[in-house]
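Let me begin by presenting the structure, written as structure tokens, before commenting on it.
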Amino acid sequence: PLSSGTYTLTISRVGCGSVSGTTVVNIGTSTSNMTVSSNNPVCVGGTLNLSAHNLGTGSVFWNGPDGMTSGQSVFVRTPVQLQHAGTYTATLSSPGCVSQTRTLGITVNNLTLTAGSNSPICQGSVLQLSSGSNSRGIYTWTGPQSYLINQQNPSISNAQPTQSGVYTLSVNTPACGILTTTTSVVVGSTLGSITVTGNSPSCVGGSLNLSVTNRTGFTFLWNGPNGFTSSLSNPVISPVQTVNAGRYSVTVSSAGCGSTTVQSNVMVVNDPASVTVSATTPVCRGSVIYFNSTAPTNSARSWSGPAGFASTSVSPSRTNAQLTHSGIYTMNATVPGCGVVSATVSVTVNNCRTASTESTEEESTEGILDVKDIVQANLELEVYPNPTEGLTRAKVKGIGEGTYQLMVLDVLGHTILMQGKESKEAGSIYWDLDFRHLAKGVYLIKVMGEGIEQVERVVVR
């Protein structure tokens, strides 16, 4: 082939000069030396590279599947699809030589790779990782806590919640190179030893703080009084009210481990407004002053008052009342969750005329006052319920306008309670009486007004 080119012939004759002529000579390269190559096999989406070698001065023409043609010695086909698989032919032509052909069989692989597991599982179980692939290669798994293993379908025994997370699978294949995919794994925490707590007792206007044992992956659903719901592990009710008192339940769920429902103790919400005090007032000198108090359960009391009065009882009393005992009495209640709450009551001690203590024979027999000589008028006094366990009502019918006085006397004729009321129209008048601080026995209720009296016996049992 190196002898190819333009040849010139020159003829010279003496006396005539010279003349030249040219001709072009083509000597073709042997076609028998042509070779072809490729990067077979290839993967779907990849690149197919075809090459023809040792062409010399010849020209090559490629034919292939799916209508492929090319006059280039090097042909690139991308992205490769399944229909590009098959036989590729290279034809080499050279002047003066017989054409030669070479063929290549190209395989296009459609490889798939998936990663999965038996998630969710419960703490302590076996975690099984799995791959789906139609290719041979080197499998590598990586994951939480520096997990690394070269297995296609590895397992992890005694799996823990800290091993939850994303696991990555890589496969290095001869046909497609490195394929990568991921799967998410959940290892739930065990549901044993779940406890519910709260800052009980709490105080009205403050906060009720609830909490439940929390571990990795737990979810919560709270239910409680007054329609309460929450999905938090530590919900707070603020400002808390008495309607929020009671039992709370929470359903704790853990992926792979199921769920459990736990109930709290009774959550107490104390109301400082429930702290009250009362006393029998006014009373006569020499009588007993009876005090009573209300406060939430487990509230400690501390009483103080005129003339050095002090007590820690719920319902103390003061015997032989004197004029110096009149004044303001204070009860400090230490209410759980609320601190110290104070309440006061004003007591009046009067100089009073006491009934005669002389007894008739009938009185000494019955042990109570004889009321047969008390003047009765048109007033009609009813006491109900009678007998009573402490709470009763005195009702007087047939009254006119004026001021009326109710007195309660014990069996010795001592006045232990005096209350006055004014009626501005004819009809009835009421007194609601609390005898729960009195000793069991018989007492007299006397109503006086406009020069008339009415008396009724009442039994406290």
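Couple of notes before you dig in:
- Every condition in (1) modelled with pLDDT of 95 or more; (2) farther than 30 Å from Val186 by Cα; (3) open to solvent by less than 40 Å² (accessible area, probe 1.4 Å) is met by Cys122 except one, and the failing one is (2).
- Test: residue in the stretch 14-28 that is of a type in the set (Val, Ile, Thr), surrounded by 13 or more Cβ atoms within 10 Å (Cβ to Cβ) and closer than 30 Å to Val171 by Cβ: no
- Residue within the stretch 213-229 that is part of a strand (DSSP E or B), buried (at least 17 other Cβ atoms within 10 Å of the Cβ) and either touching a residue at least 60 places away in the same chain (Cβ under 8 Å) or of a type in the set (Val, Ile, Thr) (or both) present: no
- Scanning the stretch 230-250 for residues that are polar (S, T, N, Q) and in a loop (DSSP other than H, G, I, E, B), we see that the one that is nearest to Val126 (Cα to Cα) is Ser233.
- Qualifying residues in the stretch 34-47 (those that are more than 11 Å from Tyr88 (Cα to Cα) and aliphatic (A, V, I, L, M)) - the one surrounded by the fewest Cβ atoms within 10 Å (Cβ to Cβ): Val44
- Pick from the stretch 83-101, criterion out of contact with any Gly (no Cβ under 9 Å at 6 or more places or on another chain) and open to solvent by 60 Å² or more (accessible area, probe 1.4 Å), ranking: farthest from Gly132 (Cα to Cα): Val98
- Hits in the stretch 50-82 (condition: open to solvent by 70 Å² or more (accessible area, probe 1.4 Å), over 22 Å from Val98 (Cβ atoms) and either touching a helix residue (DSSP H, G or I) at 6+ places or on another chain (Cβ under 8 Å) or assigned to a loop (DSSP other than H, G, I, E, B) (or both)): Asp66, Gln72, Thr78, Pro79
- Restricting attention to the stretch 169-198, the residues that are of a type in the set (Val, Ile, Thr), in a strand (DSSP E or B) and open to solvent by 40 Å² or more (accessible area, probe 1.4 Å) add up to 4.
- Across the stretch 311-322, the number of residues qualifying as without any contact (Cβ under 8 Å) to a residue 40 or more places away in the chain, outside any loop (DSSP other than H, G, I, E, B) and closer than 19 Å to Leu409 by Cα comes to 1.
- Within the stretch 106-119, the set of residues being of a type in the set (Val, Ile, Thr) and open to solvent by 40 Å² or more (accessible area, probe 1.4 Å) comprises Thr107, Thr112, Thr114.
- Of the residues making up the stretch 394-426, those that are more than 23 Å from Cys284 (Cβ to Cβ) and open to solvent by 20 Å² or more (accessible area, probe 1.4 Å) are Lys395, Lys397, Gly398, Gly400, Glu401, Lys424, Glu425, Ala426.
- Qualifying residue in the stretch 251-270 (condition: in contact with a Leu (Cβ under 8 Å, 6 or more places away or on another chain), open to solvent by 50 Å² or more (accessible area, probe 1.4 Å), of a type in the set (A, V, I, L, M) and not in a loop (DSSP other than H, G, I, E, B)): no
- From the options Gly132, Gly143, residue that is surrounded by 12 or more Cβ atoms within 10 Å (Cβ to Cβ), within 25 Å of Thr180 (Cβ to Cβ), in contact with a Phe, Trp or Tyr (Cβ under 6 Å, 6 or more places away or on another chain) and of a type outside the set (Val, Ile, Thr): Gly143
- Any hit, the stretch 323-340, residues being under 26 Å from Met418 (Cβ atoms), modelled with pLDDT under 90, over 56 Å from the mean Cα position of the chain (by Cα) and open to solvent by 70 Å² or more (accessible area, probe 1.4 Å): no
- Within the stretch 288-310, residues that are under 26 Å from Met418 (Cα atoms) and assigned to a strand (DSSP E or B) have Cβ atoms under 6 Å from residues that are at pLDDT 95 or above and of a type in the set (A, V, I, L, M, F, W, C) in these pairs: Ser293/Met331; Trp303/Met331; Ser304/Ala310, counting only partners at least 6 apart in sequence or on another chain.
- Just one of the listed residues (Tyr7, Tyr88) is touching a residue at least 40 places away in the same chain (Cβ under 8 Å) and in a strand (DSSP E or B), namely Tyr88.
- Among residues of the stretch 15-60, those that are among the β-branched types (Val, Ile, Thr) and under 17 Å from Val108 (Cα atoms), counted: 3
- Residues satisfying the stated conditions in the stretch 395-437, i.e. of a type outside the set (Asp, Glu), closer than 19 Å to Ala321 by Cβ and in a loop (DSSP other than H, G, I, E, B): Val411, Leu412, Gly413, His414, Phe435, His437
- Between Thr182, Thr168, Thr242, the distinction of being in contact with an Asp or Glu (Cβ under 9 Å, 6 or more places away or on another chain) and among the polar types (S, T, N, Q) belongs to Thr242 only.
The values are calculated or read from the model by the stated rules, or taken from the named source; none is laboratory data. Since the structure is predicted, the reported quantities are computational estimates derived from the model, not experimental observations. So basically every Cβ, Gly included, is an ideal-geometry build from the backbone, and we count neighbours across all protein chains shown. Accessible surface areas use protein heavy atoms only, side chains included; no ligands, DNA or RNA. Shrake-Rupley method; radii C 1.70, N 1.55, O 1.52, S 1.80 Å.
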